[in-house]
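> Please see the structure below; I have some questions.
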Amino acid sequence: MNSKVKIGLLHSLIRRDEKLLIDEINGRDDAELVMIDDREISFSLKKSQTTEADIILERCINHYRALHALQLFEDSGILCINKSTVASICGSKFETSLMLKQHNVPQPEVRIAFTEKSALEAIEDMGYPVVMKPAVGSWGRLIAKVSTREAAEAILEHKTTLGTYHHSVFYIQQYVEKNGRDIRSFVVGDECIAAVYRTSEHWITNTARGAVATNCPISDELAEISKAAAKAVGGGILAIDVFETEGGLMVNEVNYTMEFKNSIKPTGVNIPEKIVDYVVQCGRENLNG
Amino acid sequence: MALNAQCPVCDAEISLPDDTVKDELFECEECGSELVVASVNPFEIEEAPEIEEDWGE
Ligand SMILES: Nc1ncnc2c1ncn2[C@@H]1O[C@H](COP(=O)(O)OP(=O)(O)OP(=O)(O)O)[C@@H](O)[C@H]1O
Ligand SMILES: [Mg+2]
Ligand SMILES: [Zn+2]
């Protein structure tokens, strides 16, 4: 008889996604839930972190808390999903672009600049429209589509004057004409388990911002690029944002604490079950050495 | 048995299922406010915290 794998759910607020994972773990014979609240833990560098959990599933809402907690748990030899290196890469659009490039995964053209002047020159050189994004950020917040030089100048000035230091690295991406939709695919381990189209009248198609999710059939091309993107950032449980372009599919970015609640119904795929299957499998392999 | 309380924003009656957990986020059906379960026993709810700069997926 195999004993239960103790899954440490690293969390703070419990969104619908975390609730679905909790229900999934509690409903299984092969897993046991250990709640680890990121607001209650502290770490000492003098002794290693202990936990009852055999493996940690990271589901924090704050990127920096997730990243540092993962680094510290890993330092104590505790297996984490996703790995801290994956969190670090996916938490930064710049690092993600760099990894996609190094692994030859197609992506829209990207420029990085550090001053208003060099950023404006880069934008003019790329041609309008472009999209400017904070290097760290999510849910479509503070991303700006820039269609004219006047707008570029204004946004660069605002970022410089009003932004935190995160806004002092200008991440500039070519705007992709995507006809009202993009694709969000879900990779768990070696498999692309599901994908949705996110359709919106607005160019920002996050479901958190009101876009509608419908099933997207997983073509070979989509499965390949999704798995390649997941591998490029270090693998695990990942959601890939993909654009359909005339030149084929391109990866926009990779999310490491993926939200999936709006994608279960349209795809008919039990995403929390797939996630926990994978975590149990990794935990079991780790326990058996 | 359901858990009952009042919305801290609009006073509407709120009823959540008994498998509700601490820190669970939900929306008031009446006024749409983002709320969070502060404690299950006793059952207490409050307004959810504001989004922070590094929140996301
Ligand atoms: N270069 C681009 N061209 C066209 N649309 C874009 C471009 N970049 C982003 N978008 C749109 O804006 C949305 C949000 O962008 P992106 O995913 O990069 O930001 P985010 O804040 O990290 O969102 P999340 O973390 O929730 O996925 C995307 O779903 C996409 O539809
Ligand atoms: Mg995205
Ligand atoms: Zn209310």
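> Accessible area of the stretch A:110-174 with a 1.4 Å probe: how many percent of it is carbon plus sulfur?
59
> Using a 1.4 angstrom probe on protein heavy atoms only, which residues from the stretch A:105-152 are buried by at least 10 Å² of accessible area when all chains are present rather than their own chain alone?
By number: A:V136, A:S138, A:W139, A:R141.
> For the pairs A:K4/A:K274; A:K19/A:K46; A:K19/A:K145; A:K19/A:K133; A:K4/A:K83, note any where the Cα-Cα span goes beyond 25 Å.
Details: A:K4/A:K274 17 Å; A:K19/A:K46 34 Å; A:K19/A:K145 34 Å; A:K19/A:K133 30 Å; A:K4/A:K83 22 Å.
The answer is A:K19/A:K46; A:K19/A:K145; A:K19/A:K133.
> Run through the stretch A:20-121 and list the chymotrypsin sites (Phe, Trp or Tyr not before Pro) located in a DSSP loop whose Cβ has at most 11 other Cβ atoms within 10 Å. List each step's numbers first, then the result.
Working: sites: A:F43, A:Y64, A:F73, A:F94, A:F114; in loops: A:F43, A:F114.
Sparse-neighbourhood loop chymotrypsin sites (Phe, Trp or Tyr not before Pro): A:F114.
> Measuring from label point to label point, each 7 Å out along Cα→Cβ, what is the A:E121 to B:S33 span in nm?
Computed distance between label sites A:E121 and B:S33 equals 5.3 nm.
> Grab the eigenvalues of the alpha-carbon gyration tensor for the stretch A:110-174, scale each by 5, take roots, and send me the semi-axes largest first in whole angstrom.
Result for the stretch A:110-174: semi-axes of 16, 13, 11 Å.
> Return the tail of the calculated pair distribution for the stretch A:5-89, meaning the percent of Cα-Cα pairs more than 14 Å apart.
Result: 61 percent of Cα pairs exceed 14 Å.
> If you take the alpha carbon radius of gyration of the stretch B:2-47 and divide it by 2.2 N^0.38 Å, what ratio comes out, to two decimals?
Values: Rg = 9.2 Å, N = 46, 2.2 N^0.38 = 9.4 Å.
So the stretch B:2-47 has a normalised radius of gyration of 0.98.
> Quick check: the angle from helix A:149-162's long axis to the longest principal axis of chain A, C-alpha only, nearest 10 degrees?
The answer is roughly 50 degrees.
> If you take the beta carbon distance between B:N4 and A:D190 as r and set R0 to 56 Å, what does 1/(1 + (r/R0)^6) give as a FRET efficiency, to the nearest 0.05?
Using R0 = 56 Å, I get an efficiency of 0.75.
> Let me have the 222 nm mean residue ellipticity of chain A computed from DSSP H runs of 4+ only, each contributing -39500 (n - 2.57), with the sum over all residues rounded to the nearest 500.
Counting only the DSSP helices, I get -11000 deg cm²/dmol.
> Short version: what are the Cα gyration tensor semi-axes of the stretch A:211-283, square root of 5 times each eigenvalue, largest first, in whole Å?
21, 17, 11
> Once you put a point 7 Å from the Cα of A:T50 and another 7 Å from the Cα of A:E153, both along the Cβ direction, what distance in nm separates them?
Reported label-point gap for A:T50 and A:E153 is 6.4 nm.
> On full extension of the chain, what length is gained from A:T161 through A:N179, given 0.36 nm per residue of separation minus the C-alpha to C-alpha distance?
Computed gain between A:T161 and A:N179 is 3.1 nm.
> Let me ask another. Which residues of the stretch B:9-31 end up with at least 50 Å² less accessible area in the presence of all protein chains than when their chain stands alone, using a 1.4 Å probe?
B:D23, B:L25
> Let me ask another. More than 16 Å apart: what percent of Cα pairs in the stretch A:93-206 qualify?
65
> Calculated FRET efficiency, A:W203 and B:T20, Cβ-Cβ r, R0 41 Å, to nearest 0.05?
FRET efficiency, A:W203 to B:T20: 0.65.
> Express the accessible area of the protein assembly as shown per residue in Å², computed with a 1.4 Å probe while the remaining protein chains stay in the model.
Computed with neighbouring chains in place, this is 48 Å² per residue.
> Please name whichever of A:L100, A:A208, B:C10 sits farthest to the positive end of the charge dipole of the protein assembly as shown, dipole taken about the Cα centre and charges placed at Cβ: Lys and Arg +1, Asp and Glu -1.
Result: A:L100, furthest along the dipole toward the positive end.
> As an exercise, identify the trypsin sites (Lys or Arg not before Pro) in the stretch A:43-99 lying in DSSP coil whose Cβ has no more than 10 other Cβ atoms within 10 Å.
A:K46, A:K47
> Quick check: Cα centre of the stretch A:179-236 to Cα centre of the stretch A:83-136, how many Å?
About 19 Å separates the Cα centre of the stretch A:179-236 from the one of the stretch A:83-136.
> I would also like to ask the following. How much length is gained on full extension from A:R141 to A:Q281, taking 0.36 nm per residue of separation minus their Cα-Cα distance?
46.9 nm
> Follow-up question, since we're still on this one. Once the mean 1/r over all distinct Cα pairs of the protein assembly as shown is inverted, what Kirkwood radius in angstroms do you read off?
Hydrodynamic radius (Kirkwood, Cα pairs) of the protein assembly as shown is 21.5 Å.
> Roughly how big is the B-A contact, given as buried accessible area in Å² (both sides, 1.4 Å probe, nearest 100)?
Adding both sides of the contact gives about 1800 Å².
The values are calculated or read from the model by the stated rules, or taken from the named source; none is laboratory data. Just so we're clear, the structure is a prediction, and the values are computed from it rather than from any experiment. Cβ: placed from backbone, ideal geometry, glycine included. Neighbour counts: every protein chain shown. All accessible areas refer to the heavy atoms of the entire protein, side chains included, with ligands and DNA or RNA removed. Shrake-Rupley method; radii C 1.70, N 1.55, O 1.52, S 1.80 Å.
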